[in-house]
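So the structure is just underneath, and the comments pick up after that.
The values are calculated or read from the model by the stated rules, or taken from the named source; none is laboratory data. Source: prediction; values computed, not measured. No Cβ is skipped: glycine too gets one built from the backbone with ideal geometry, and neighbour counts run over all protein chains shown. Accessible surface is based on the protein model in full, side chains and every heavy atom, while ligands, DNA and RNA are left aside. Shrake-Rupley method; radii C 1.70, N 1.55, O 1.52, S 1.80 Å.
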Amino acid sequence: QGQVVESGGGSVRPGGSLRLSCVASGISFGDYAIEWYRRAPGKQREWVGTIATTDFTNYAESGEGRFTISRDNPKNTAYLQMNNLKPEDTATYFCSAASGLTIYWGQGTQVTVAS
């Protein structure tokens, strides 16, 4: 059974940086696209960005130029590097691993941006 686990969340001040990790197990990681989502309190889940199996990336406008997604297939890990964080980036961040109709979701990691 596949599994993904996020880590790296925390509290930072505006302008700060965090790097989130998404570690997968039980799957052939290189065959899965990795997507990052977030859900802020009282709001719907929002797509943050995707890294395909080809390493192609695309991002939501909210993170364009500030967020970078990468992957390290031998480590079964994907990353979300977030720079110049803003209070509106406060949310629980989730990753998913998707291949065809198979999707695995993590439990999320909390990011709080506040002064």
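Quick notes on this one:
- Counting heavy atoms of the protein chains alone, residue 37 has an accessible area of about 40 Å² for a 1.4 Å probe.
- Contour minus Cα-Cα distance for residue 53 and residue 28 (0.36 nm per residue): 7.9 nm
- Label-zone membership for the range 89-107, site residue 73, 7 angstrom Cα→C-beta point, backbone N under 20 Å: 96-104
- The chain - percent relative contact order, Cα under 8 Å, separation 6 or more: 37 percent
- The spread of Cα positions in the chain, taken along each principal axis and listed from longest to shortest, comes to 41, 25, 23 Å.
- Residues of the chain: accessible area per residue with a 1.4 Å probe, Å²: 53 Å²
- What you get for the range 24-115, charging only the Cβ of Lys and Arg (+1) and of Asp and Glu (-1), is a dipole of about 240 debye around the Cα centre.
- Apportionment of accessible area to carbon and sulfur, the chain, percent (1.4 Å): 46 percent
- Heavy atoms of residue 29: accessible area, 1.4 Å probe, square angstrom to 10: 0 Å²
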